[in-house]
Structure formats: structure tokens, C-alpha cells
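Peer 1: Starting off with a structure, shown below.
The values are calculated or read from the model by the stated rules, or taken from the named source; none is laboratory data. All figures in this text were calculated on a predicted structure; none of them were measured in a lab. Positions of Cβ are generated from backbone atoms using ideal geometry, with glycine treated the same way; all protein chains shown enter the neighbour counts. Quick note on the areas: whole protein, heavy atoms, side chains included, nothing else; ligands and nucleic acids left out. Shrake-Rupley method; radii C 1.70, N 1.55, O 1.52, S 1.80 Å.
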Amino acid sequence: MAAVILAVVGAALVAGAAFSVVRPVAAASDSMLPTLVTGRRIHFEQGPVGTVARGDIVRVTVPWVREGDVLNRVVAVGGDRVSYTAGATTLTLNGEPLVEPYLREAGRPSAFAFDVTVPAGRIFVMGDHRLNSRDSAMDPVGEQQGTVPAAGVRAKVTDSSDGFLLICAVGLVGVLMLATSLGLGLAALLARGAARRAEFPFPHATSPQRPA
């Protein structure tokens with residue numbers, strides 16, 4: 001029974017670790033400069049991403065890009081009001097200036113003016129290279145005002161080596177548990193075989209008698 005439990009838990013850990021990390025891929029555009037350099041290898045948390053928060057860098061499906069997916073930063077979430085007035089040096093989020101130290105062009109937070117209240121369940125996303133990014137600010141007067149469904153987030157960028165190592169460690173523990181369960185299973189089979197042989201011993205072979 002212990003071997004079965006170990007096998008089930010180990011398989012779950014291995015599957016969870018494999019599902020939590022996308023193989024490293026290269027950033028395909030410079031819309032997230034300087035945070036993500038074109039060609040740099042980055043890791044994604046894939047699968048259910050849970051809550052999407054402001055500041056997260058996400059791979060999200062958007063309607064204004066033919067290829068479907070972009071890498072953008074979440075600037076506002078459901079219930080937020082985000083705006084930009086031409087000539088301003090910052091975006092305004094819920095009435096307060098939004099400090100964005102990660103921008104490529106400091107003091108130029110958008111190429112377009114907009115004033116958007118994000119509906120529940122949707123997000124407003126922008127690239128860090130604001131003057132060269134295909135993002136929510138491109139479509140502020142559309143039906144959804146440039147917002148996209150939070151459910152359209154396919155993965156989250158993780159830049160934490162600690163998080164990546166933790167996921168690898170979880171996978172390794174799962175592998176060790178699977179190996180242990182296999183060892184216990186083999187030991188149980190051998191023990192059963194020995195018990196059977198002890199209970200039903202084979203008759204000893206006798207040497208043939210020579211005729212007198």
C-alpha cells in the first residue's frame with residue numbers, strides 16, 4: 001500500500017512540475033525592452049496562472065495582433081481607471097501618478113492618449129517599450145477599450161531563479177518517490193516469492209539408485 005501511495009504522490013509531483021514550467025523560449029520582439037531583451041531566454045509559468053496582478057508580465061491573447069499572443073505588462077486590472085493625457089510624464093492609475101521605473105523611454109509612458117475604466121474580469125496591458133509596443137493603448141476607443149480578458153492570459157513570465165529551482169526540486173522529489181515506490185514494490189514481490197517457497201518447498205531431488 002505504501003508503494004502505491006508513493007507512486008501516486010510522486011507521479012503528481014512530477015506532472016505538476018512539468019506542467020508549471022514552459023521550456024525556455026526566446027523573447028521574439030523588443031516591445032518589452034529593457035526588461036526583456038530580444039532573443040533572451042525566459043521562463044514561463046504555464047497552466048492555471050491564478051490571480052493576475054498589476055506589474056505581472058504575461059503572455060496574453062489579444063485581438064489586435066494577427067499572431068494572437070503578445071508579451072505585455074499588466075498595468076491595470078478589473079475596477080481600475082487608467083489614463084494618459086498627451087504630454088504627461090506618467091500614466092494615472094485610480095487618480096494617482098503611476099511610477100514605472102522599468103520603462104524604456106522615461107517620461108514617455110504612452111504613444112496614445114486614453115482614459116479607460118477596466119471592466120471586471122479584464123486587464124489593460126502595455127509593453128515596457130511604449131513607443132514600439134502593440135498593446136491596449138492602441139485600441140482605447142474600441143468596444144472593450146483595449147482591455148482583454150484575464151482568462152486570455154496563457155502564461156506568466158517568472159524571473160525568479162528561486163522559484164524555478166523550487167519547481168525543479170519538486171520534480172526531483174517526485175522522481176525519488178517514484179523510484180522508492182518501485183523499490184518497495186520489487187521488495188514486496190521478492191518477499192512474497194520467498195514466503196511461497198517456504199510454504200510449499202520443492203521436493204529435494206534424489207540420486208538414481210544403481211541396480212544391485
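Peer 1: Pull out all pairs, ordered by first then second residue, where Cβ-Cβ is under 7 Å, the residues are six or more apart or on different chains, the first lies in the stretch 34-61 and is more than 20 Å from L131 (Cα to Cα), and the second is at pLDDT below 75 and part of a loop (DSSP other than H, G, I, E, B).
Peer 2: R40/A27; I42/A27; T61/G68
Peer 1: (1) among the β-branched types (V, I, T); (2) open to solvent by 20 Å² or more (accessible area, probe 1.4 Å); (3) at pLDDT 95 or above: which one isn't true of V82, the others all being true?
Peer 2: (2)
Peer 1: Out of the stretch 157-176, which residues are open to solvent by less than 50 Å² (accessible area, probe 1.4 Å) and modelled with pLDDT under 65? Please lay out each step first, then the result.
Peer 2: Pass one, the stretch 157-176, residues open to solvent by less than 50 Å² (accessible area, probe 1.4 Å): 157-158, 163, 167, 169, 171, 174.
G163, I167, A169, G171, G174 - these are the residues of the stretch 157-176 that are open to solvent by less than 50 Å² (accessible area, probe 1.4 Å) and modelled with pLDDT under 65.
Peer 1: Only residues that are of a type outside the set (A, V, I, L, M) and closer than 11 Å to V153 by Cα: list them for the stretch 52-66, please.
Peer 2: D56, R59, T61
Peer 1: For the stretch 22-67, what are the residues that are out of contact with any His (no Cβ under 6 Å at 6 or more places or on another chain), modelled with pLDDT under 85 and outside any loop (DSSP other than H, G, I, E, B)?
Peer 2: Correct list: V22, R23, V25, A26, R41, I42, H43, F44, E45, Q46.
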